[in-house]
Amino acid sequence: MDDRAYKEKLNVPLPGTPARLARTFLILILWISYTFAGPASAQEAGDSRPARLVRADDSRHDAYVQNGALRLHLRCDTRCCIDSIWIGESLLSGSGIGGYTGVLTGSTWHASTACQSPPVLSTSGDAITIRGIRFAAGHDTLNETWTFRLSGESIVWNVERTLPGPLAVDDNAFPAISVSPIGRFDGALLDNGGVAWFRLFNDTVLAYGVHTEGATLWSARDRECLSLKSAAGSGERALSVSKRGETATCAFSTSPAEMRYRFDAGTHRRRFIRGRTDVWQTTTYPEGTYRATISLSAPDYRGKFGRGEFRGIDGDAVTSIENTIARLGVIDSRHYGGNSWHTPYGPICLHEQYIARFGVAIDDSNYVRGYRECLDFYRDHAILPDGRVKSRWAYTDEDAAPGSADSLGFYEAQWGILMDSQPDFVINVAEEFDLCGDLKWLKSQKHACESALDYMLKRDSNHNHIVEMATRSHAEARGSDWIDVIWASWENALVNAEVYRALTLWSGLERVMEDSTRAGAYRLFAAGLKEAFNRPVRDGGFWDPDRGWYVHWREPDGSVYGDNLVVPVNFMAIAYGICDDAARRKAILRTIESVMQKEHLFIWPLCMFPYETGVGLLNVNYPYPSYENGDIFLSWAEMGMRAYAEDSPEIAYRYCLNVIERYKRDGLAYQRYLRRTQEGAGDDILAGNASAIVGLYADIYGVQPRYNRLLLAPHLVNDLFGTKLVYMFQGKAYDITLNGDVNSIGADSVSFSARGEFALRSDTVGVAWYQGEDCSSGVTLLKPATASVAVVIDHWGDTRTWREQVGREGVRIDHVISGLVPGKRYTLEVDGSTSDALRASADGQLRFPYKSGDDRVHLMNIVPSIRPVK
């Protein structure tokens, strides 16, 4: 059905028709008269509170509802609908239908816009009720009651639908909200952490369906948001975001069981369809009454998307990248990866270790919660009994090795057994735990992660601490890692680097879970792997002393391949701490940078020089540079920035700026960039194209979540001094100020400033500052009432010195100093006055109260004492 026919079915006047122009004019006149006339106004003159208005006129069959900037005009004659939606002075629903209900049966839509008779309007307090909304659906008549009420900052729309008998529904609007033109919004942020990015809604008719309960449409240009939240209730909720002509529609559904997808035949996993909007499979609803609740609001754009004050970088572009490209890998709830839902066969690669790390820069609790649920789904369905982690999932089975795809869509790739799925699952679980801090959840993943690691450790047949792939030679023409059509085999440096990372992370978490046996075993293997990795190639390792970099793989006969400076291999060796030789590290990075400057590349390619002939899929990788043999994949940008940040942050910063400028030019809406032209190519759009922004946050700003604290480890350049970030971590807002030498983090009216690396945690006990990575040494202020407190750490060693300023007089603050020598005597000095000697407790803590006498800055010292303890 084309756009014109569809609108005629819903009795919608087409754009530009006299009826539409007349009605729009009438809406404006009525709105003015209702808003400013008479004593029934929701606000008294001079009241500065946000407007709250509920008005209904049964004789005119219309009503108005307003809460703050959000206004709705309801039409309640035989066309029952939200006729228009406004935010401030902006009209969002230019098509004449802002909201409606309906069902699709067969090829026919039956909707509230074609009622059998006008419904009845009534008001009560802050609510409007519309009863008797009856419209045909096949041989039956649906009967609905709508209620609109004001609640907090929202307008809550309740829909009650009664079916007289069973009804097979091919598509549902229960209810639907439409905006037009679609181009006024950038997209819809989804409550599962994903995004419906309207740049990719590049057909006249299409739809994207997901299992989530809400969406927020936003416009960066107009600084406007429209939030739609479906309240939890009985039944399974789902949402489709569709486009028809220039209208975007968010259609909600409630069904007795989880809704399944209509396409494709035999798989039924396709979330994104073109040419039609019925993304969901036909659902039969039994006779009865069904209820849906949608909350509409217009949240403040800055409050919703504000990330702070940026210096030396385009903050709006950073925000846009994290709201668009970075989220594209969220195909659906419980389905996260690095490939886009827009990709024709919709793949997810479970062999990508950076999906959790995206959450550092996305900084959205929905993403963190959703990915935790996704990892549970992978644990339960993608891991085989022997610990093998299937490497991929997709809409279809076209990419699967014959016989490997299961009914849920997990499979082994046609290109080979991609072994990096094993460590990458563990890395993602570990880094997700740092984001969420949920120890119970971590323990639920313990067996799965151990199985995944043990599967790999068993693949060390010669006991040299380097694990082996499923293939012994490139001649078998099968891939084994992310670079899937380069035939890396046997002892693969890329996979082993990830195994090392997984082992080091997981051994630490085994200690957190109090399993010292497992922790020790994994730590021991990691140490052996690191030593073996760094051996020269002639001695069985990956280091090529003649070239000055690490090779990609070794085969059983001792031959080495990928001796062409493969960028992910060498970046990971540095970033993961395998290469701890400063001279080696600098030599590798210096060589890469010299090639970058020579070729004027805006970001790093997969390899700096050509692979050997015949070690990859010929028709895509040759001649060099082509595809995985030399083209540019942005997914590894964060790893590069991590590698450069410590010694050369200015280089990491420069390439981040390059990526941001490229985003402004083309949206980064490609799979890769061609080495020869640096132009975008490939319709498989990768969320990894936002990787440089992850590097900005994690490696340059140094925002590094840890499961029980927020670590700050910046590597700044002068242009970034003065940056102020607002960062949400585990439900708490942290204010981060980056000034170069001395930086600060604050939460709950308490701020700490210090040099170097440090961490902060704010919880119900108090606000704790920790020195560096070590969370055993620091100071905790135990809930300092309502006063603001600013602390500057001057020195933290045997003597601990800090300056402290309390915002008002007479406030008692209890201090706990940790990391001291148990039983040792210490003296507290405040502004030069010395207290009696105090003794550290058996766990190395010292507690003392301090009551502020005024708001001056007070100098405090904790020093080892030679005085006796009283």
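The values are calculated or read from the model by the stated rules, or taken from the named source; none is laboratory data. It should be emphasised that the depicted structure is a prediction, and the values quoted were computed from it without experimental measurement. Neighbour counts are summed over all protein chains in view; Cβ atoms, including those assigned to glycine, are modelled from backbone coordinates with ideal geometry. Protein only, heavy atoms only, side chains kept; ligands, DNA and RNA dropped before computing areas. Shrake-Rupley method; radii C 1.70, N 1.55, O 1.52, S 1.80 Å.
Can you give the extra length, in nm with one decimal, that the chain gains between Lys664 and Glu773 once fully stretched, where that is 0.36 nm per residue apart less the Cα-Cα distance? Mind dumping the intermediate values first?
Values: separation 109, 0.36 × 109 = 39.24 nm, distance 3.64 nm.
Extending this stretch completely gives an extra 35.6 nm.
State which entries of Lys304/Lys664; Lys229/Lys783; Lys440/Lys783 exceed 31 angstrom in Cα-Cα distance in the structure shown.
Too far apart for the 31 Å limit: Lys229/Lys783.
What do you get for the angle between helix 18-36 and the principal long axis of the chain? Use alpha-carbon atoms, 0 to 90 degrees, nearest ten.
Taking the Cα atoms of the chain, the angle to 18-36 is about 80 degrees.
Once the Cβ-Cβ distance between Leu859 and Asp763 is put in as r, and R0 is 22 Å, what FRET efficiency do you end up with, to the nearest 0.05?
0.20
Tell me, what is the percent relative contact order of the stretch 713-867, built from C-alpha pairs under 8 Å that lie six or more residues apart?
Dividing the mean separation by the residue count of the stretch 713-867 yields 17 percent.
Going by amide H atoms built from the backbone, whose H comes under 5 Å of the H on Asp794, apart from near neighbours?
Result for Asp794 returns Thr801, Trp802, Arg803.
Solvent-accessible area of His381, probe 1.4 Å, all protein chains present, reported in Å² to the nearest ten, please.
80
Any chance you could give the angle, 0 to 90 degrees and rounded to 10, that helix 365-381 forms with the longest Cα principal axis of the chain?
Tilt of helix 365-381: around 80 degrees.
Could you provide, to the nearest whole Å², the per residue accessible area of the stretch 177-246 with probe 1.4 Å?
Numbers: 1970 Å² over 70 residues.
On a per-residue basis, 28 Å².
What is the spin-label model distance, in nm, from Arg134 to Val595 if the labels are put 7 Å beyond Cα along the C-beta direction?
7.5
Could you sort 388-398, 415-425, 814-824 so that the peptide with the highest average Cβ count within 10 Å comes first and the rest follow in order?
Details: 388-398: 23.2, 415-425: 26.6, 814-824: 16.4.
Packing order, densest peptide first, comes out as 415-425, 388-398, 814-824.
Check which residues have an amide H placed less than 5 Å from Val169's amide H, if you skip close sequence neighbours.
Sorted by chain and number, the residues that satisfy this are Thr283, Thr284, Tyr285.
Whole number in Å², please: accessible area per residue of the stretch 710-851, 1.4 Å probe, ligands, DNA and RNA not counted.
Heavy-atom accessible area per residue stands at 43 Å².
Work out from phi, with θ = phi - 60° and the Karplus expression 6.51 cos²θ - 1.76 cosθ + 1.60, the ³J(HN,Hα) of each residue of the stretch 570-584, listed in order in whole Hz, and give x for Gly and Pro.
Whole-Hz 3J(HN,Hα) from phi for the stretch 570-584: 6, 5, 5, 4, 7, 5, 8, x, 5, 8, 9, 8, 4, 5, 4.
What does the charge count near Asp546 come to, summing +1 for each Lys or Arg and -1 for each Asp or Glu among other residues with Cβ under 12 Å from its Cβ?
Around Asp546, the charge tally is 0.
Please work out whether the stretch 748-804 counts as rounded, prolate or oblate from its C-alpha gyration tensor, where a ≥ b ≥ c are the square roots of the eigenvalues and a/c under 1.5 means rounded, while otherwise a/b larger than b/c means prolate and anything else oblate?
Since a/c reaches 1.5 and a/b is larger than b/c, the shape of the stretch 748-804 is classed as prolate.
Check the straight Cα-Cα distances from Lys530 and name the lysines below 22 Å, setting aside those fewer than 8 residues away within the same chain.
Lys458, Lys586
Work out, step by step, the length gained on full extension between Asp386 and Ser124: first 0.36 nm times the residue separation, then minus their alpha carbon distance; give nm to one decimal.
88.0 nm
Nearest 10 degrees, 0 to 90: what angle lies between the long axis of helix 446-457 and the longest principal axis of the chain (Cα atoms)?
Between the helix axis and the principal axis of the chain, the angle is about 50 degrees.
Order of 511-524, 325-338 by packing, highest average Cβ count within 10 Å first?
Top of the packing list down: 325-338, 511-524.
Assuming R0 = 41 Å, can you tell me the calculated FRET efficiency for the pair Arg311 and Ser833, based on Cβ-Cβ distance, to the nearest 0.05?
It comes to 0.50.
Once both labels are modelled 7 Å past Cα along the beta-carbon direction, what's the Met728-Asp580 spacing in nm?
3.8
Can you list residues whose amide H is under 5 Å from Val811's amide H, if they're 5+ apart or on another chain and H is modeled 1.01 Å from N?
Sorted by chain and number, the residues that satisfy this are Ser852.
Classify the stretch 729-870 from the C-alpha gyration tensor, please: rounded if a/c falls under 1.5, else prolate or oblate depending on whether a/b exceeds b/c.
Prolate, since a/c reaches 1.5 and a/b exceeds b/c.
Output wanted: per-residue J couplings in Hz (rounded whole) for the stretch 517-531, from phi through Karplus 6.51 cos²θ - 1.76 cosθ + 1.60, θ = phi - 60°, x for Gly and Pro.
Once rounded to whole Hz, the list reads 5, 5, 4, x, 5, 5, 5, 5, 5, 4, 5, x, 5, 4, 4.
Can you compute the helix-only [θ] at 222 nm over the chain? Use -39500 (n - 2.57) per DSSP H run of at least 4 residues, normalise by all residues, nearest 500 deg cm²/dmol.
-7000 deg cm²/dmol
Rounded if a/c is under 1.5, else prolate if a/b beats b/c, else oblate: with a ≥ b ≥ c from the C-alpha gyration tensor eigenvalues square-rooted, which is the chain?
It is oblate, given that a/c is not under 1.5 and a/b is not larger than b/c.
Need one number: nm distance between label points at Arg274 and Asn718, each 7 Å from Cα along Cα→Cβ, rounded to one decimal.
5.1
Between Ala475 and Asp376, how high is the FRET efficiency from 1/(1 + (r/R0)^6) when r is the Cβ-Cβ distance and R₀ = 41 Å? Nearest 0.05.
Numbers: r = 40 Å, r/R0 = 0.97.
Computed FRET efficiency for Ala475 and Asp376 comes out at 0.55.
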